[in-house]
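Here the structure is laid out as structure tokens; the discussion comes afterwards.
The values are calculated or read from the model by the stated rules, or taken from the named source; none is laboratory data. Fair warning: this is a prediction, and the values are worked out from it, not measured in the lab. Neighbour counts run over all protein chains shown; Cβ positions are idealised from the backbone, glycine included.
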Amino acid sequence: MATDTESGYAEGFGQVSRTVGTVFRYLLLAATMFGIVTLAVLLVYVANDAIQPLTADAGWHLTFFLTLVVPTTLVGGYLYRRNTDALKLGSTVVGMLAVAVLFSGGVAIVFVDIIPPLTGFSYAVGLVIPAALTVILTKYERQISFTPRVAATGAAFFLSLFGVPGYLHSIPELVQKAPVVPSDWVILALVLGGVAALVVGQYIARIREDATAGLIAGVAALVVTGLAALLGPLLGYDSNSFVVVTAVAVVPTATYAGGAALTRKRERIGLLLAGTVIVGSLVGAAAVDLLGFAGPQSWVNWQFLTNPHSSSAERAGLYPAIGGSILLMVTVAALSFPTGVGAAVYLEEYAPDNRFTRFIDVNISNLAGVPSVVYGLLGLGVFVTYLGQATGTVIIGGATLALLILPIVIISSREAIRAVPQDMRQASYGMGATRWQTVKNVVLPEAFPGILTGTILALGRAIGETAPLIMIGAPNVLFSLPTELTSKVSAMPLQVYAWSTLFASEDFYTKAVPAGVVVLLVVLLAMNSIAIVLRNKFESES
Amino acid sequence: MSTDDLETDLTRNTENTPRELLTRSFFFLCAALSVVTTISIVGLLVVEASKFFTITAPLMDVKGETASLVDFLTGTTWQINNQEFGVLALVSSTLMVTIGSAVIALPLGVATAIYLSEYASAQARSVLKPALEILAGVPTVVYGFFALIYITPALGVVFPGIGTFNMLSASIVVGIMIIPMVASISEDAMSAVPDELRQAGYGMGATKFDVSTGIVVPAALSGIFSSFILALSRAIGETMAVTVAAGAQAKFLNPINPASYLEGALPMTAAMVQLLNSDITGGGLAYRSLFAIGLVLFVITLIMNVISDYVARRYREVY
């Protein structure tokens, strides 16, 4: 730096400035840390209230310290000193497993409790048949012109999903009426295991550059999912949830770890860390069970996660609110992702530079600053009062929240699209591509990671919102899961709000609310960390 | 650019095929949706609010009870049961939360921005920036709960007379919540200051402290100021934290008097939530007062956003 001169003359002069500079520097650091430290302290308090780690036996802590903390620290420390890339790989696998298990919980709620497996299966069949037809039609792209092709595809989807009332049954109806239907776990294993097998097969085929290896891996994934269904009851668990966890969490994580072990020879020692954590937790749990040490009396327990609200804080649970948040998130994503990306594509790729475009531009940035409670009023006034919908349903809540995050999705998607180099577009045009072909084949694939990151962050914002849901009349207390788009919905933040204001009592303040806050924060933290990891990966690649 | 012409030349022939037309109109409709949203918000708020006031209700052909516009804008009592709709009682407490959070967030936010843009190493930045994002990502209802359960009792040690619901704890959490907003926008403005200016400063014998406070901050002033306004507009519109922590009793407090921060009151957004939770019949006076408050809130935040945009554009130093 300019002040660090060697000469004695400047030394005395610089000494004074250096003190001021140092003080200033540490003041700035303190200011930066203020918010973060405050939040950290508050989080420690709320976690302590919710999980109560001090109520556990000393033996419980000791067991887990010996089986989990000590080995993990040793392996982690070794990797940190020897091979940081391997440490990164190991922690990625651990984080991926944790997030995937969380995600599989959500999938289990949706595909077991909200949508009965048979209904889900019937719609899956109803979608697969016209999708296959579309793929076949695309092969004849040159023979059939665009308009009849789109018409045929649209008709196929419509006929398959809705049929012709009175004349022709839709495919979901036919499947549901079939005389012999497989049991729930078979359906789940077929549908979820099938999707997992497809993803795993593609991944392995890509990294091994060998289609046969992909096929083998895919079949193996399906078989493992099926085996999990048989193994579940033996261990005393429900086979449905075992299938979901295996297909959504275990198989993909194992594939990623296996793929890394095969391709990244220098870093694969990092998998040792993941192994230590998994084995350590399992051994610790078994040892605690065997030795009879009692764990902490956490309010975040199985009962809290699977029970509905109750007027007594001990028995109150979050289940309908969790299901509601998941349904809302799916609805919001389905509504805001296509429209947000579409608007961003229009503004970046199509829009002429005229007044209307500039107006849309200013308008979007102003919409981003409108308070969420005003969006709630919009939902109440337009959807409920003018369009006469019932208050507090999934679809109204989803639509309101989708409008709320739309400006954020548009702004972040535009940034991602703008980051695509102009040369790539020109190369595409140079090959004779049309505008839509350029958008579809060049711009969107290039911008996809950025768009995805922005959308995940916006969805995190949406599921943390409470005010719009209150305004559209979502019930404060809900005892059953919403199962349709028109059923009443609750959400995790709404339940936390209801407990901390309408049921305000010492009991709720110290038991149910902290537990609800912890669950909500874990979900949001998981979403934010996915987004941040994706962004870091994307930024380091480009 | 000449390449634009090239693009049009190359794409002209295919621009109007059915596929291009279909996709282009889909994208256009998506973009137009944002305009429709704005029009619906403005239209809805104006129509419903004008049904509320005596002076405009005949225009909307509304019979029944109405409230005086003058009383609404100048009254200081908000009691729905007594049909008293003085919005100043709500505006004053919103102003208090705004001032309180500004005292916390503006200096801390700017200091954070200076640290991140001038002092922090790349490694420190890669840790601090996501941490700050988490600060903004925590749901506001959770902040409200923190204020009510942890911060208020802690403040009670210092100020024994503090109420269970008080403006101070609400202001503190809203302030923490908007620090990242001030910090990230100000930091963008500071990073945009060209390095030549810093080098010139060092060349004149300035220290890093001098360069940061004497060159970078003045050069980025328009960005910093616009971040202030945006963050304050966010604080005004903030709902759940103040609903949970600030109180439920509407009261006109003097925002300049520090002692009044120990009392609870009802900011505009909290009043809206409260109105919705009390059973109001659709179309009644209380229902319409909701939209009247909403209109005031919308107009205030819109004006602030426009000012922020104007400041950022008009006073930006161009290098």
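Selection of segment A:504-522 for residues being surrounded by fewer than 21 Cβ atoms within 10 Å (Cβ to Cβ), more than 25 Å from the chain's Cα centre (by Cα) and in contact (Cβ under 8 Å) with a residue 12 or more places away in the chain yields A:Ser505, A:Asp507, A:Thr510. Which one of these does B:Tyr261 not meet: (1) crowded, with 19+ Cβ neighbours inside 10 Å; (2) facing another protein chain (nearest Cβ under 10 Å)? Evaluating B:Tyr261 over (1) crowded, with 19+ Cβ neighbours inside 10 Å; (2) facing another protein chain (nearest Cβ under 10 Å) leaves (2) as the failure. Of the residues making up segment A:57-72, those that are within 30 Å of the chain's Cα centre (by Cα) and within 13 Å of A:Ala286 (Cβ to Cβ) are A:Phe64, A:Leu68.
Assigned to a helix (DSSP H, G or I), at pLDDT below 90, out of contact with any Gly (no Cβ under 6 Å at 6 or more places or on another chain) and more than 8 Å from chain B (Cβ to nearest Cβ): does that describe A:Phe356? It is true that A:Phe356 is assigned to a helix (DSSP H, G or I), at pLDDT below 90, out of contact with any Gly (no Cβ under 6 Å at 6 or more places or on another chain) and more than 8 Å from chain B (Cβ to nearest Cβ). Taken over segment B:8-26, the criterion of being facing chain A (nearest Cβ under 10 Å), outside any helix (DSSP H, G or I) and either over 15 Å from A:Val439 (Cα atoms) or at pLDDT 75 or above (or both) is satisfied by B:Thr17 alone.
Listed here are the residues, each with its yes/no results for (1) crowded, with 24+ Cβ neighbours inside 10 Å; (2) within 14 Å of chain A (Cβ to nearest Cβ); (3) within 18 Å of A:Pro468 (Cβ to Cβ); (4) in contact with a Leu (Cβ under 8 Å, 6 or more places away or on another chain).
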site	(1), (2), (3), (4)
B:Ala246	yes, yes, no, yes
B:Ile256	no, no, no, no
B:Thr269	yes, yes, yes, yes
B:Gln274	no, yes, yes, yes
B:Ser278	no, yes, no, no
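Among helices (runs of 4 or more DSSP H) entirely within segment A:198-297, having at least 3 residues that are of a type in the set (A, V, I, L, M) and free of Cβ contacts under 8 Å to residues at least 24 places away in the same chain singles out A:211-234, A:271-291. Restricted to segment A:22-68, and to residues there that are touching a residue at least 40 places away in the same chain (Cβ under 8 Å) and β-branched (Val, Ile, Thr), the residue that is surrounded by the fewest Cβ atoms within 10 Å (Cβ to Cβ) is A:Thr55.
Here A:Phe13 fulfils each of the conditions (1) farther than 25 Å from B:Val173 by Cα; (2) at pLDDT 90 or above; (3) surrounded by fewer than 16 Cβ atoms within 10 Å (Cβ to Cβ) apart from (2). Taking the numbered list (1) crowded, with 24+ Cβ neighbours inside 10 Å; (2) at the interface with another protein chain (Cβ under 7 Å from one of its Cβ atoms); (3) in contact with a Gly (Cβ under 9 Å, 6 or more places away or on another chain) in turn, A:Ala343 passes all entries but (3).
What do you reckon, is A:Val384 within 10 Å of another protein chain (Cβ to nearest Cβ), buried (at least 24 other Cβ atoms within 10 Å of the Cβ), in contact (Cβ under 8 Å) with a residue 12 or more places away in the chain and part of a helix (DSSP H, G or I)? For A:Val384, the condition - within 10 Å of another protein chain (Cβ to nearest Cβ), buried (at least 24 other Cβ atoms within 10 Å of the Cβ), in contact (Cβ under 8 Å) with a residue 12 or more places away in the chain and part of a helix (DSSP H, G or I) - is not met.
Which residue out of B:Ser227, B:Ser186 is over 30 Å from A:Ala498 (Cα atoms) and over 14 Å from the mean Cα position of the chain (by Cα)?
B:Ser186
Within the set A:Val439, A:Val517, A:Val513, the sole residue that is within 10 Å of another protein chain (Cβ to nearest Cβ), touching a helix residue (DSSP H, G or I) at 6+ places or on another chain (Cβ under 7 Å) and farther than 28 Å from B:Thr239 by Cβ turns out to be A:Val439. Only one entry of B:Val138, B:Val174 meets the criterion of being among the hydrophobic types (A, V, I, L, M, F, W, C) and touching a residue at least 60 places away in the same chain (Cβ under 8 Å), and that entry is B:Val174. Cβ-Cβ distances below 7 Å connect the following pairs, each with a first residue in segment A:165-184 that is farther than 20 Å from A:Val112 by Cβ and part of a loop (DSSP other than H, G, I, E, B), a second residue that is modelled with pLDDT of 75 or more and hydrophobic (A, V, I, L, M, F, W, C), and a separation of six or more residues or different chains: A:Ser170/A:Leu161; A:Ser170/A:Phe162. Against the definition (surrounded by fewer than 23 Cβ atoms within 10 Å (Cβ to Cβ), closer than 21 Å to A:Ala344 by Cα, assigned by TED's automatic domain parsing to the domain that holds A:Lys537 and more than 18 Å from the chain's Cα centre (by Cα)), how does A:Pro449 come out, yes or no? Criteria not met by A:Pro449. The conditions of being crowded, with 19+ Cβ neighbours inside 10 Å and within 25 Å of A:Thr339 (Cα to Cα) are not met by A:Ile532.
Just one residue in the set A:Val94, A:Val75 is in a helix (DSSP H, G or I), within 27 Å of the chain's Cα centre (by Cα) and in contact (Cβ under 8 Å) with a residue 40 or more places away in the chain; that residue is A:Val94.
Could you check segment A:93-121 and list, in sequence order, the residues that are under 15 Å from A:Thr276 (Cβ atoms) and among the β-branched types (Val, Ile, Thr)? Lay out the reasoning, then the answer.
Narrowing segment A:93-121 to residues under 15 Å from A:Thr276 (Cβ atoms): A:93-95, A:97-98.
Residues satisfying the conditions are A:Val93, A:Val94.
Selection of segment A:359-376 for residues being of a type in the set (A, V, I, L, M, F, W, C), within 28 Å of the chain's Cα centre (by Cα) and at the interface with chain B (Cβ under 7 Å from one of its Cβ atoms) yields A:Ile364, A:Leu367, A:Val370, A:Val373, A:Val374.
Applying the set (1) under 16 Å from the mean Cα position of the chain (by Cα); (2) without any contact (Cβ under 8 Å) to a residue 60 or more places away in the chain to B:Pro160 leaves exactly one unmet item: (1).
Looking only at segment A:359-376, which residues are surrounded by fewer than 23 Cβ atoms within 10 Å (Cβ to Cβ), in a helix (DSSP H, G or I) and of a type in the set (Gly, Ala, Ser)? A:Ser365, A:Ala368, listed by residue number.
Looking across segment A:135-187, not a single residue is polar (S, T, N, Q), under 30 Å from A:Ser241 (Cβ atoms) and surrounded by fewer than 12 Cβ atoms within 10 Å (Cβ to Cβ).
So which of B:Gly247, B:Gly201 ends up being modelled with pLDDT of 90 or more, over 26 Å from B:Lys129 (Cα atoms), assigned by TED's automatic domain parsing to the domain that holds B:Leu108 and more than 14 Å from the chain's Cα centre (by Cα)? Going through B:Gly247, B:Gly201 in turn, just one is modelled with pLDDT of 90 or more, over 26 Å from B:Lys129 (Cα atoms), assigned by TED's automatic domain parsing to the domain that holds B:Leu108 and more than 14 Å from the chain's Cα centre (by Cα): B:Gly201. For segment A:97-149, filtering for residues that are free of Cβ contacts under 8 Å to residues at least 12 places away in the same chain, acidic (Asp, Glu) and either more than 14 Å from chain B (Cβ to nearest Cβ) or part of a helix (DSSP H, G or I) (or both) leaves 0.
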